[in-house]
């Protein structure tokens, strides 16, 4: 692939992800409305509110851009850009079909995990540079939560890699033609459970939304942000959700593999199904206390992830030999 081809494909990928994320916000609001016997977005683009994401974007674009007088202006302005850029970089390594991936390397899974773990830096800097007690407490919570749940998240991601013997996403997808990993006895079900719970915690989604608990911390680490800077954090959250849903479909649900034929349409359907499941969790569970959240990680998810990885390693060693 030449530089020009890679550049054009990168722009197309960026635009596609932005478009999908914009309407994921609309879908979440409509879906949440249905669960709560409401209509959801309606007026802008009647009768279904199709233009609501555009209206939201224009509204945020028109908001005044403020910087705290006693905050660190440089870091305050860089933090949201860092979060959204790092969130987008992970998509470069994910295969959307059997034959198309922007950056095809043997260590795709490793690079994706590495970029995902860097988001916490931007969030912590945002809270610290705001010179706001609520933002700082939220940033400290976020750092503790994301670093803690990174362990079971990586353990669950390693299971498909161990079963296949490769960190290349294409090899993992190809191996699932014989059967999706989610149906692998015990190991598959535990892996997807640990992965989704850890990913929800890393994304600060209910029931793990302690860093943004409105009743305690107003708006969390983004309390001092307005306009497009706030939109960057909002965008980063939904890009993370899309990445989690897409990664789940690739690692555990066969990716483009499906009945009758293979293709990107199956990736889209599976990704949407996982996203709906994440939304359903949001409206079905209450927020955990911080001690409950840490107990879930250190006493259950991390030991379970280690045991699961050990079983996968034993199975792989017996079959490779």
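The values are calculated or read from the model by the stated rules, or taken from the named source; none is laboratory data. Small disclaimer: the values here were computed from a predicted structure and weren't measured. Don't worry about glycine lacking a Cβ; one is built from the backbone with ideal geometry, like all the others, and counts go over all protein chains shown.
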**OP:** Mind checking which helices (runs of 4 or more DSSP H) fall wholly inside the range 52-156 and carry at least 3 residues that are surrounded by 17 or more Cβ atoms within 10 Å (Cβ to Cβ), assigned by TED's automatic domain parsing to the domain that holds residue 24 and more than 16 Å from the chain's Cα centre (by Cα)?
**Re:** 52-62
**OP:** Identify, by number, the condition in (1) more than 30 Å from residue 317 (Cα to Cα); (2) free of Cβ contacts under 8 Å to residues at least 24 places away in the same chain that residue 111 doesn't meet.
**Re:** (1)
Subject >> Listing of helices (runs of 4 or more DSSP H) fully contained in the range 228-321 that carry 2 or more residues being over 21 Å from the mean Cα position of the chain (by Cα), closer than 23 Å to residue 123 by Cα and assigned by TED's automatic domain parsing to the domain that holds residue 187 >> reply: 290-295
